[in-house]
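One structure below.
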Amino acid sequence: MISKEQFLLRQPSMPEETETDKFYFGICNRLAEVAKERDLFPSYPEKVVERAALAMTGYYQDVVSDAGIWRSFIDECRRLYGFTVPFYSKDGDEYFDYELNQADVKFMVWYALSMNYENRRVCYPYDKEILEGAEVWYHELEAYYDEAPIPVNYRFSAELEIHNEEDRPEIMRLANWLFLHCYLMTPAFAMSLSEIASEYDLSKEDGVVEMQKRLDIAMWQDPTGPLALYLGEWLYLIVEGKPAPEPKEKKQSEPHKYYTAFTQYTGGKTIQFFSTYEEMNRFFIEALGWAEGEEHLNQIKNDRDFVLMVEERKGMLLARNIAKCISCPDNNLYDKEYAENHAMDLLTERGLCPGDLLRYVCSHGWLPDAHFPDTDDYKIVGETWDFISRCYLQSYYRGD
């Protein structure tokens, strides 16, 4: 049973109740009840299914009121990828913009369950449990759709302007709610929140205070939601209905020194692979001019299968223990059997591969063996690798 406090915590008007909360609180518990009655999602704990019901109810409130959050998500998916809903919207399928759709419900079930349950975090979007449970939930929501009241205070973006000083208090209130309680942001940020919380002793008042300070910083500096957008980017999409302006990059008169040295030594190649630390250390000395006779970056000397890449503006990136997964023609370390078991990790395990390197590898088609566990569906990952990386890796993919 989902408590009223759990439900209200996720409402824009929290902690106050509104006249429409009773209806949507009932919808939320109906989803949880039918999941239990019909044994939907049997691989997931009851509490995880309840979190999914809360997220699904938030989506439902959004599309009933056209609050702008879901609208922003699918519009941005179309801009970035050319498809509407990751995994589930296909050419020729019936889809009603900014209304209740089966594709939306499937996505929200996959997203909320996967992001909230570590044991099945990397779950195949076409898993039988996901599809069967989503179909039942869709029909439950559809049954009440025509009579559903417009949720109070869900049209929070109406007539707001990002740069209007008078709207600033309302914009800040919206920003706080989006980051901490919105159905679309919180599932993807769950692991980031856990990482942040682990840094502090929350049994002590000082620890709680310091964590709150860290969250205040994270709100504006850490990406969130399934597209790993920064809060400023989400606000632009929701309030202004368009992407935020691209920041002006500072002109860099000359390439990074490591880029120049690296490409001069390799004959223009920007990526190199090394089986052992000793091989890579020799490259540091011979190619980059680092000091002879020293063990550079010796904290990683016990690792293997290194990848080095240079980027003209940022310099050099390094990854370890992943070279066997990358099918670059110049990589004689590539091991297809190993990659079959580990390539997907690059897209889903945080800190394994720098974002720029991962984009470079995937955009060249050098991660062909990545697939969701217990499937041989390589196509879905090949078509959605950028979305998957954003959703799972968050700041580890989009952070600079």
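The values are calculated or read from the model by the stated rules, or taken from the named source; none is laboratory data. Quantities reported herein were computed from a predicted structural model and do not represent experimental measurements. Virtual Cβ from ideal backbone geometry, glycine too; neighbours counted across all protein chains shown. The accessibility values were calculated without ligands, DNA or RNA, using every heavy atom of the protein model including side chains. Shrake-Rupley method; radii C 1.70, N 1.55, O 1.52, S 1.80 Å.
Estimated purely from DSSP H runs of n ≥ 4, each contributing -39500 (n - 2.57), the mean residue ellipticity at 222 nm for the chain is -15500 deg cm²/dmol once divided by its residues.
Expressed as a fraction of 2.2 N^0.38 Å, the value expected for a compact globular protein of N residues, the C-alpha radius of gyration of the stretch 1-77 is 1.16.
Can you compute the FRET efficiency between residue 128 and residue 266 using 1/(1 + (r/R0)^6), with r the Cβ-Cβ distance and R0 = 56 Å? Round to the nearest 0.05.
Result of the calculation: an efficiency of 0.70.
On average, how much accessible surface per residue is there in the chain, in Å², for a 1.4 Å probe, leaving out ligands, DNA and RNA?
Working: 19840 Å² over 400 residues.
Computed with neighbouring chains in place, this is 50 Å² per residue.
Residues whose amide H falls under 5 Å from that of residue 372, counting only those 5 or more places apart or on a different chain, are 377, with hydrogens built in the peptide plane. Evaluated on the stretch 292-376, the Kirkwood hydrodynamic radius is 13.7 Å, with distances taken between all distinct Cα atoms.
Residue 366 sits with roughly 40 Å² accessible to a 1.4 Å probe, with DNA, RNA and ligands left out of the calculation. Residues 1, 316, 115, sorted by accessible area with the largest first, give 1, 316, 115 [1.4 Å probe; ligands and nucleic acids excluded]. For residue 172 and residue 37, the difference between the fully extended length at 0.36 nm per residue and the C-alpha to C-alpha distance is 44.5 nm. Between 264, 299, 221, the GNM of the chain built on Cα springs shorter than 10 angstrom shows 299 fluctuating the most.
Its residue count N fixes a reference of 2.2 N^0.38 Å for the chain, and the Cα radius of gyration divided by that reference is 1.09. For the stretch 261-390, the fraction of 1.4 Å probe accessible surface lying on carbon and sulfur atoms is 43 percent. With Cα atoms defining each centre, the stretch 288-311 and the stretch 327-341 are spaced 21 Å apart in the structure. For the pair residue 197 and residue 337, what calculated FRET efficiency results from E = 1/(1 + (r/R0)^6), where r is the Cβ-Cβ distance and R0 = 30 Å, to the nearest 0.05? With R0 = 30 Å, the Cβ-Cβ based efficiency is 0.20.
With contacts taken as Cα pairs under 8 Å and at least 6 residues apart, the chain reaches a relative contact order of 14 percent.
Counting other Cβ atoms within 10 Å, keep those with at most 13, restrict to DSSP loop, and tell me which trypsin sites (Lys or Arg not before Pro) in the stretch 77-110 are left.
Sparse-neighbourhood loop trypsin sites (Lys or Arg not before Pro): 90.
Here the accessible area is traced with a 1.4 Å probe on the protein chains. For the stretch 105-238, carbon and sulfur cover 48 percent of it. Extending 7 Å from the Cα toward the beta-carbon at both residue 18 and residue 118 defines two label points whose distance is 3.6 nm.
Residue 356 contributes about 40 Å² of solvent-accessible surface, heavy atoms of the protein only, 1.4 Å probe. Taking every alpha-carbon pair in the stretch 139-232 and binning the separations at 5 Å intervals from zero gives 3, 11, 17, 17, 17, 14, 10, 7, 4, 1 percent.
Here the simple spin-label model places points 7 Å from the Cα toward Cβ, and for residue 163 and residue 221 these points are separated by 2.6 nm.
Of the whole protein surface, residue 371 contributes about 30 Å² of accessible area at a 1.4 Å probe radius.
Computed from the alpha carbon atoms alone, the convex hull of the stretch 189-237 holds 63 Å³ per residue. Helices meeting the span-like rule in the chain (full DSSP H runs, Cα extent of at least 27 Å along the helix axis, mean Kyte-Doolittle score of 0.0 or higher): 46-65. Counting only protein chain heavy atoms and rolling a 1.4 Å probe, the accessible areas of 350, 51 rank, largest first, as 51, 350. Label zone of residue 214 (point 7 Å out along Cα→Cβ, amide N under 16 Å): in the stretch 373-400 this covers 395-396.
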